[in-house]
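For reference, the structure is listed below as structure tokens.
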Amino acid sequence: MKRREFLLATLGGVGTAVASQALRGGRAVAAPQKGGQVIVGLSQEPTVFNPLKPHIEVDRGVHMCLFDALWRMNPQGQFVPNLAATIPTVENGGISTDGLQYTIHLRRGVTWHDGAPFTAADVEFTYQLIMNPKFDAATRVGYDGIASLTTPDPATVVLKLSKPYAPMLALWSDTYIVPKHVLGSVTDLNNNVFDTKPIGTGAFTFGERVAGDHITLEANRKFYGTGPYLDRVIFKYIPDLTVMFTRFQTGDIDVTGIQGITVDHFDEAKRLKGVTLHTGPTNFVEYLWFNLGRPQFQDKAVREALYLGMDKQSYIQRIYYGVPPVSESYLAPSSWAFNPNLPKHEYNPDKAKARLEEAGWKVGGDGIRAKNGVKLSFSNSTTAGNKVREQAQAFLQQNWKAIGVDMQIKDMPAAVVWGDYFFKSQFDSVTVGWNIWGEAGGDPNVLNWFGSGYIPVKSGKGSNTTQYANEKMDRLAEEGVSVVSQEKRKPIYQQIQAILHEDLPVLPIFYYVNIEGTKAGLQNYQQNANLVSNVWNANAWWWAK
Amino acid sequence: MSARAAVRVLGTARGRKGSPAVARFTRHRLAILGSVAVAALLLTAIFAPDIAPRNPLYIDLVVRFTPPLHGPFALGTDPLGRDLLSRLIYAGRISLTVGFSAMLVSAVVGTAVGTLAAFRGGAVDSVFMRVTDVGFSLPSIFLLLLLAAFISPSVLSITLIIGLTSWMATARLVRGQILTVLKLDFIEAARAGGASDLRLILRHLLPNSAAPVVVAATLNVADAILAESYVSFLGYGIQPPLASWGNMLNNAQSYFVSAPWLAVFPGLMITLAVTSINFIGDGLRDALDPRLKI
Amino acid sequence: MGRYLMRRLFQGGAVLVGVTVIAFALLHLAPGGPLAMYTLTTSMGAEDLARISHELGLDQPLPVQYARWATNLVRGDWGRSYRDSRPVLVDIADRLPGTVELMLASLLLAIGIGVAVGILGALRRYSIFDYLATTGAMVSLSIPTFWFGLMMIFVFSVSLGWIPSGDMYSLGKPFSLLDRLHHLVGPVTVLGLVLVAPWSRYTRSGMLEVLYQDYVRTARAKGVPAPRVVVQHALRNALIPLLTLAGVQLPMLFGGALVTETVFSWPGMGRFFVDSLGYRDYPVLMGILIFTAILVILGNLLADLLYAVVDPRIRFG
């Protein structure tokens, strides 16, 4: 474990002074050796190389190798400078005391892959591009609160906000800077040479993409930070997870990427020789997500009874092999805002039945409860083909049948469930894993998820698809983003977690654990629950020969 | 998978002529074997509640992944501790229902389109045949997936989808057959005798073109069972907790090494059913119309 | 002949229009949409989705969208993929070689085995070999392809280590023909064996028919050696109808290739279609459908024409 702690200290920095000193301090670790390649297996194909466009997780992993943001969040949840020289704080004067002005000093001497120098103009251009109505940016949320972005000199950026916005640092940790000298002169912002030949400042340069098969990135020998030690990283697309595991078994891939090894292959994986398994908790929480627009779910007693009637212990211990830790909150214990004092879940079908009886839900002739003509019957949906989750659904179905509740399974392809069906609240309930913390780049903000002004079907914005509305929650969630100091935010979010646990608009089940495998010789592979992809530090990877 | 049916109908086995159809069929040993197997499968499916040793949906996590011949489970249990044998028996119901119903859909649609096209001729013929061509010019798996993405999967929708993507071969066969029959003298005689169109079609045209339809339909059953498993593999199949051989096989993939029995038995069932039905189709072709060709 | 060709081409065109209308309607009316892929994985909210939907023109009435798409197509613009922003034709062209390689190799294997088995079966009708071959071909036609493929991988890659478990070639290594062929073994066996049955059966029955015709009997009676009879007379005539088989098998090949490509991580058109369907990448899906439709129509036409060339008894009116 010590070794691991040590590695933690050396990596996050991507070439900070601390990191290089630690390496020179040279505990029992051999010096990194150069050369070799790593093949990362991915179950989805990365295709979007402009980091500001709409993208999915696997795209993000490629962005992390090709590009840099101003800073990046390390596994401990701290920001570590990349293109910025330091992290702005109130203490170092980088953030004004009213939280309205950010002064960012950039690292000097950084060059783009084509040799052009990186300057504040690139940061300014990146911001302008995001806000440019002609550009199909992934999102403008957060950026639209920036009143002005100026560059007093080529190594300084000044942000002025219209009102304090605490997740601002997190936002910029997920904003990858693009080159002005390339994208500034293209005629079509949405379709241009940058989509197929991206140029960044990252540790790897773009090699080639063989569509439908793989993407090759080559080492950037002029990288400003640590490494890269590898000659190249190859992202290999393997559409089927069973096949992916098999290919890891046969040694065809060196690293199993996002979704890596499914829990039902964990035991098998442990028996493999010559591989290292990495199992780290993530900030993804598995939920049973209700649509409170449905009359059955408006009654809090029903939500409570369903939680009581869920055999969470067996759900996790048996169906998920006891791998993921149980969750009561939307935040993971590793978050600074986590509330450790939430009541523990209790599996008690009798109490569940009593709770329903008491609330007036009586068992009908068919064994299903009903109240005022509303049957306690609903559907549960998720992405079809997620086999372990399908097993969990069948298990829940039996759990809840025992308390007189009828749940039908109605799984659909991803493009159907997570389209209008989910976003326009057309579902009864879904089983889904969300990383609410990570959505904002590592921030406990819940406004978008549980704020009553953020119900898409009502206001056309936000992600509050459960249609949860609670005035106290609204007030706290607003307050949480307008205060910048972490100490002041902490009690607010602890209270928010308590309210969510009391109201149960969603049932938290467990924290996902990423099970990933690497070939044994690969050094410095490190999971980072704060980022969507674990290739985040590929610059520091190397092969022990 | 209509193309498969078409391909197989192309093949002809000639030679043994002169004996009546039944005798020809019974001489086809593989077809007899196939018939026995299919009959057994059908009976098992029909009497599933009497035969299945336990409730195929009952979950008992304590006994999950029991290997075959351990404890009370003849074929072992699945990841949720459900009895595999019972599930296989009930899955047969679903898979065979999908197979036979999809065949009915494709036979009815195909025969209707083919008959009308041939009988009406002219514009109707052109339009119907162009629509058939459209169906033929798209690989049926593409069409199948397109349609599957359209409807949330249930036994009924999967059946319809498979049926509606496999009628084209039948339509062409029927049209060709009826065009041939229409030229024969007895049709003229019947027309002269004042037979109505409907009577003509039902009494003379259809019976005389039944042979290829029966053969194609048999092969379509086999294809439909396979198609259901493909759709399941690609994530658009029948919903849990209901079991079909296709989704059982698909769900077993992850356990190929740790619990191979989960994949072996449904795979064998599909192969057994499909092979048997194909043999019957083969036998029928030899028996009904040895000269059968598109 | 010229008029026949014109008529067939015209019909082909009409069929193509039908394909586009039906495919476009099906795709766009299906629930879900191309933006669903973003909702799960990034910080995009409803307002972002609405904005992008508008920018892609997805908020317009369907006939308007179709008209715009069709107009562009006629001008030679097949649109751009929503997923990787590249022109659809470029995307298809990238996937084509993989699929063609897989399909051609499988077809060759199927024809090779099928014709050989068919000839032997015909020459030794009702022998043990004949029965075994017929049964074997039928069983290979009846095994679910993905199951067969996974079994192959488990037995020959994982357990025995004889063949690669997927890919077209070893990644990050220089080109080598041997390496390519080695990678072909698994997928081609899986896809090829499914196709053997029709070839063997057709060859067998064709051979039987021809073997009992007078001129073959005469040749045999004259003392022409059996192998020469088979090759010179019987096989040539029996093969004629087989030509159409290749045309008819094309759509079936696509179907098989799609599953094989998934199992063996093979970058081809079939897999591209499934992925694009998952993302609801409309321009790509339309592109693939039209492209395959054109191939199939031309394939059938070519088969018919070849048939006429080889067999002078056939006349087109």
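The values are calculated or read from the model by the stated rules, or taken from the named source; none is laboratory data. Here the structure is a predicted model, which means the values were calculated and not measured. All Cβ positions, glycine included, derive from the backbone under ideal geometry; neighbour counts span all protein chains shown. SASA here: full protein model, heavy atoms, side chains in, ligands and nucleic acids out. Shrake-Rupley method; radii C 1.70, N 1.55, O 1.52, S 1.80 Å.
Put simply, the amide H of A:Arg72, placed in the peptide plane, has neighbours under 5 Å in A:Val80, A:Asn82, leaving out anything fewer than 5 places away on its chain.
Coupling constants for segment A:241-248 follow from the phi torsions by the Karplus curve (6.51 cos²θ - 1.76 cosθ + 1.60, θ = phi - 60°), and in residue order they are 5, 5, 5, 4, 5, 4, 6, 6 Hz; glycine and proline get x. Please calculate how many Å² of accessible area segment C:89-310 carries per residue, with a 1.4 Å probe and no DNA, RNA or ligand atoms counted. It amounts to 37 Å² per residue over segment C:89-310. Ligands, DNA and RNA are left out, and with a 1.4 angstrom probe the accessible area of segment C:20-74 is 41 Å² per residue. Each Cα pair under 8 Å and six or more residues apart adds its separation to the average, and for chain B the resulting relative contact order is 31 percent. Computed from backbone phi with θ = phi - 60° and the Karplus coefficients 6.51, -1.76 and 1.60, the 3J(HN,Hα) list for segment B:61-68 is 5, 5, 9, 4, 6, 6, x, x Hz; x is used for glycine and proline. Here, segment B:93-283 yields an orientationally averaged convex hull projection of 12.1 nm² when only Cα atoms define the hull. Only helices enter this figure: runs of n ≥ 4 DSSP H residues, each worth -39500 (n - 2.57), summed and divided by the residues of chain C, yield -23500 deg cm²/dmol at 222 nm to the nearest 500. Built from the Cα atoms of chain A, the convex hull projects on average onto 25.1 nm², one quarter of its surface area.
Note on A:241-252: average number of Cβ atoms from other chains within 10 Å of each residue's Cβ is 6. Volume per residue of the convex hull around the Cα atoms, evaluated for the protein assembly as shown, comes out as 196 Å³. When only the Cβ of Lys, Arg, Asp and Glu is charged (+1, +1, -1, -1), the dipole of segment B:93-283 relative to its Cα centre reaches about 300 debye. Taking Cβ atoms as reference points and 11 Å as the exclusive limit, the residues near A:Pro54 contribute a net charge of -1, counting Lys and Arg as +1 and Asp and Glu as -1. Pairwise inverse Cα distances across segment A:282-512, averaged and inverted, put the Kirkwood hydrodynamic radius at 18.1 Å.
Please check chain A for the longest run free of GluC sites (Glu not before Pro) that are loop-located per DSSP (anything but H, G, I, E, B) and have at most 15 other Cβ atoms within 10 Å. That gives A:92-345 as the longest site-free run. Computed over protein heavy atoms with a 1.4 angstrom probe, the accessible surface ordering of C:Leu104, C:Leu16, C:Leu5, largest first, is C:Leu104, C:Leu5, C:Leu16. Pop the C-beta distance of A:Gln317 and B:Ala40 into the FRET formula with R0 = 35 Å and round what comes out to the nearest 0.05. Efficiency, rounded to the nearest 0.05: 0.30. So for segment B:18-85, considering every pair of alpha-carbon atoms, how many percent are separated by more than 13 Å? That tail contains 71 percent of the Cα-Cα pairs.
Computed from the Cβ-Cβ distance with R0 of 51 Å, the FRET efficiency linking A:Thr103 to A:Glu208 stands at 0.80. Our summary gives chain A a relative contact order of 21 percent, counting only alpha carbon pairs under 8 angstrom and 6 or more residues apart. The trypsin sites (Lys or Arg not before Pro) of segment A:336-429 that DSSP puts in a loop, and whose beta carbon has at most 10 other beta carbons within 10 Å, are A:Lys344.
The phi-based Karplus calculation (6.51 cos²θ - 1.76 cosθ + 1.60; θ = phi - 60°) puts the 3J(HN,Hα) values of segment A:133-143 at x, 7, 9, 7, 5, 4, 7, 10, 4, x, 5 Hz, whole numbers, x for Gly and Pro. Accessible surface area normalised per residue over segment A:282-512 is 35 Å², counting heavy atoms of protein chains with a 1.4 Å rolling probe. With R₀ fixed at 60 Å, the C-beta to C-beta distance from A:Gln76 to A:Asp366 puts the FRET efficiency at about 0.65. Using a 1.4 Å probe over protein heavy atoms, the accessible area lost on pairing A with C, summed over both chains, comes to approximately 4400 Å². Using just its DSSP H runs of length 4 or more, each adding -39500 (n - 2.57), chain A gives a mean residue ellipticity at 222 nm of -7500 deg cm²/dmol after division by all residues. Counted residue by residue at 0.36 nm each, then reduced by the alpha carbon distance between them, the extension gain from C:Leu9 to C:Val21 reaches 2.5 nm. Less than 5 angstrom separates the built amide H of A:Leu106 from those of A:Ala85, A:Thr156, A:Val157, all sequence-distant by 5 or more or on a different chain. Atom-type composition of the exposed protein surface of the protein assembly as shown places 61 percent of the accessible area on carbon and sulfur (1.4 angstrom probe). Restricting segment A:245-327 to trypsin sites (Lys or Arg not before Pro) that sit in a DSSP loop and have at most 13 other Cβ atoms within 10 Å of their own Cβ leaves A:Arg271, A:Lys273. Working from Cα pairs under 8 Å separated by at least six residues, relative contact order for segment A:226-374 is 19 percent. I need the shape label for segment C:89-310. Rule: rounded when a/c is under 1.5, else prolate if a/b > b/c, else oblate, with a, b, c from the alpha carbon gyration tensor. Prolate is the answer for segment C:89-310, as a/c is 1.5 or above and a/b outweighs b/c. The B-A contact accounts for approximately 2100 Å² of buried accessible area, totalled over both chains at a 1.4 Å probe radius.
Only helices reaching 30 angstrom along their own axis (Cα) with mean Kyte-Doolittle hydropathy no lower than 0.0 count here, and for the DSSP H runs of chain B these are B:84-120, B:210-233, B:261-288.
Close amide H pairs (under 5 Å, H built 1.01 Å from N) link A:Trp542 with A:Gln523, residues at least 5 positions away or on another chain.
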